[in-house]
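Participant: First the structure, then my questions, so here it is.
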Amino acid sequence: MKHFRLLVLGNGVSAYGSYLNMVALNVFVYDVTGSALAAGLFMAVRLGTSVGAGFVSGRLVSAYDRKRLIIGADLGQALALLVLLLAPEAGRISLLYCLAVVTGGCSTLSQVALRSSIPEIVGAEHRTRANSQLVTGRSLAMIAGFASAGVVVAQLGYTAAFVLDAGTFLVSASVLLVLPIRTRARSEGPGGAEEGAPGAGRRSLRLLWAGAPVLMAMIAVRAVDGLGSSSHNVALPVYSSLLDPAHPATFISQFWATWAVGTIIAQQVLARHNRRTGRTLGERAFAVGACVMSGAFIIVFSGLPTVPTLATALLAGAADGVTEVVYVSRLQLVPDEQRGRLFGLSASAENAGFGLGMLISGSLLESFSPFQVVASLHGLAIVLCLALLTLLVLRRSPDGPGRLRETGDAAVREGRG
């Protein structure tokens, strides 16, 4: 795990660059074009690329060295930002949309490759602890990125922001380059076991659909969670303006800072539980946690006083952190040769849900209140989570890793038989 802590640090630095990038680039697009439509199109291109990149990333991480792919993704984003800086002003507008494609595709590739590699880097028994550390690092990076983006752009300008952003990706790539880690199962060849026969990838996904329906249901829940997440992201600025028209950023900052603290607290609790019991939370914990998370987000927009609202945001962050770690840890139980495609499918589903939710939420907010919009989309997620929980209870599957591992092993035996 000592090498993994350095990886977490590098990933956190890269995540900081991504969040800084998210704010600085969106504002830059609007300033350069003077068009809200152009800024929206930039976000749409980036999200659309992320959706498509999930399927491509699944194939890539199954066929090539994952460490090199993550390094390449970081270097690709750094290079794209530097090209934008060096380009003449007249050509920057067209380059912005190329940058949207590069950042959307590379960020998804990096995420899929890293998630697929965790059991091989730290060992399957330490994957929950490792995932908790990654989530903690990204939560801290989100706070720092969002908090500093406005200051960096306002005080230093876009050039400094983009140079800093590119630097974070270079740091991440450099850290990963020197780490002696293995990202693929020893039994696989250089090209990946899954790519050894024509159509192997499609057979792998069909096998998962047939042998692990609960996994597919969990991915569906994550996609609908994306709808809910987009609703509170879109509704938050509107709701904050209604609370305090003179200082709308105050509640937004309080909300995200409290949410991140809740996420970090949840990771500490999960890590202690894992060390004390040697067990990881399973599918039922995922379903319950997702219900709590969506319910908490709905309450946040219900008009409660500030203190109970922030307390609920803390609960939402904690539940969000738990479901993230449980979900990723569960998918990592799938054998290595199938894991890359599964995470690619998951990334596409999550990004598609979030992108669709952005469109739906923006449209609904023209006619309905933030509470109504958030309640409707997060309510849909709650309904699906309850359906998943009912399915798990009816199947009478124990909530623990033993049963989960049997499911994955059975799928492998069926596929190789």
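The values are calculated or read from the model by the stated rules, or taken from the named source; none is laboratory data. Only a predicted model underlies this, so the values are computations on that prediction, with no experimental measurement involved. Note that each Cβ is placed from the backbone with ideal geometry, even for glycine, and that neighbours are counted across all protein chains shown. Calculation scope for accessible area: heavy atoms of the full protein, side chains included, ligands and nucleic acids excluded. Shrake-Rupley method; radii C 1.70, N 1.55, O 1.52, S 1.80 Å.
Participant: Against the conditions (1) open to solvent by less than 40 Å² (accessible area, probe 1.4 Å); (2) at positive phi, where does residue 316 fall short? Just the number, please.
Facilitator: Of the numbered conditions (1) open to solvent by less than 40 Å² (accessible area, probe 1.4 Å); (2) at positive phi, the odd one out for residue 316 is (2).
Participant: Okay, next question. Residues of the range 63-98 being acidic (Asp, Glu) and either buried (at least 16 other Cβ atoms within 10 Å of the Cβ) or modelled with pLDDT of 90 or more (or both), which ones?
Facilitator: 65, 74, listed by residue number.
Participant: If you don't mind, another one. Quick check on this structure: which one of 394, 364, 384 is of a type in the set (A, V, I, L, M), at pLDDT 90 or above and over 21 Å from residue 329 (Cβ atoms)?
Facilitator: 364
Participant: With respect to residue 173, is the statement that it is out of contact with any Asp or Glu (no Cβ under 9 Å at 6 or more places or on another chain), modelled with pLDDT of 90 or more, farther than 26 Å from residue 330 by Cα and of a type in the set (Gly, Ala, Ser) true?
Facilitator: Taking the combined requirement at face value, the residue does not satisfy it.
Participant: Here is a follow-up. Any idea how many residues of the range 268-301 are over 17 Å from residue 219 (Cβ atoms), open to solvent by less than 30 Å² (accessible area, probe 1.4 Å) and not in a helix (DSSP H, G or I)?
Facilitator: Total meeting the criteria: 2.
Participant: Further, regarding this structure: Given the conditions (1) surrounded by fewer than 23 Cβ atoms within 10 Å (Cβ to Cβ); (2) closer than 22 Å to residue 127 by Cβ; (3) touching a residue at least 40 places away in the same chain (Cβ under 8 Å), and given that residue 324 satisfies all but one, which numbered condition is not satisfied?
Facilitator: Unmet condition: (1).
Participant: Hey, can you tell me all the residues within the range 53-62 that are out of contact with any Ser or Thr (no Cβ under 7 Å at 6 or more places or on another chain) and buried (at least 24 other Cβ atoms within 10 Å of the Cβ)? Walk me through it before giving the result.
Facilitator: First pass over the range 53-62, keeping only residues out of contact with any Ser or Thr (no Cβ under 7 Å at 6 or more places or on another chain): 56, 58-60, 62.
Passing the criteria: 58, 62.
Participant: Can you work out which of the residues in the range 123-148 that are among the aliphatic types (A, V, I, L, M) and farther than 22 Å from residue 332 by Cβ is most open to solvent (accessible area, probe 1.4 Å)?
Facilitator: The extreme case among them is 140.
Participant: Could you please let me know if residue 45 is open to solvent by 50 Å² or more (accessible area, probe 1.4 Å), part of a helix (DSSP H, G or I) and β-branched (Val, Ile, Thr)?
Facilitator: no
Participant: So, of the residues in the range 247-257 that are open to solvent by 30 Å² or more (accessible area, probe 1.4 Å) and more than 17 Å from the chain's Cα centre (by Cα), which turns out to be farthest from residue 132 (Cα to Cα)?
Facilitator: 247
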